[in-house]
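All remarks here apply to the structure that follows.
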Amino acid sequence: MLPERRGKGLGEALLRDLLDEAAAAGKGVSIHVEKLNPAMRLYRRLGFTIEEDKGVYDLMRWTRGSAS
């Protein structure tokens, strides 16, 4: 997201829609996130958990039943 669009809930709304679709399809969602990325808080709040340390990045995964 462009800096002027961040922090307004747009990214969270998009991710929630994606997670709803994934849950309906019985699928999980994964994402690679830089360890110091401020969005990490959002991903954790949505129920993503760190599955693997990839050096500079963490592989995070969300599965149906995760807190969202």
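Contact annotation: residue pairs with Cβ atoms under 8 Å, 6 or more positions apart or on different chains, pairing a residue in the stretch 45-57 that is closer than 9 Å to His32 by Cβ with a partner that is outside any strand (DSSP E or B), are Tyr57/Lys35. Scanning the stretch 34-62 for residues that are closer than 18 Å to Ala24 by Cβ and either assigned to a helix (DSSP H, G or I) or modelled with pLDDT under 95 (or both) yields a total of 0. Just to be sure before I move on: is Arg45 surrounded by 15 or more Cβ atoms within 10 Å (Cβ to Cβ) and among the basic types (Lys, Arg) in the structure I sent? Against the criterion (surrounded by 15 or more Cβ atoms within 10 Å (Cβ to Cβ) and among the basic types (Lys, Arg)), Arg45 does not qualify.
A residue that is among the aliphatic types (A, V, I, L, M) and part of a strand (DSSP E or B) occurs nowhere in the stretch 3-19. Scanning the stretch 3-38 for residues that are hydrophobic (A, V, I, L, M, F, W, C) and out of contact with any strand residue (DSSP E or B) (no Cβ under 7 Å at 6 or more places or on another chain) gives Leu10, Ala13, Leu14, Leu15, Ala23, Ala24, Ala25, Leu36.
The values are calculated or read from the model by the stated rules, or taken from the named source; none is laboratory data. Bear in mind that the values here come from a model prediction, so they are computed numbers and not experimental data. Neighbour counts are summed over all protein chains in view; Cβ atoms, including those assigned to glycine, are modelled from backbone coordinates with ideal geometry.
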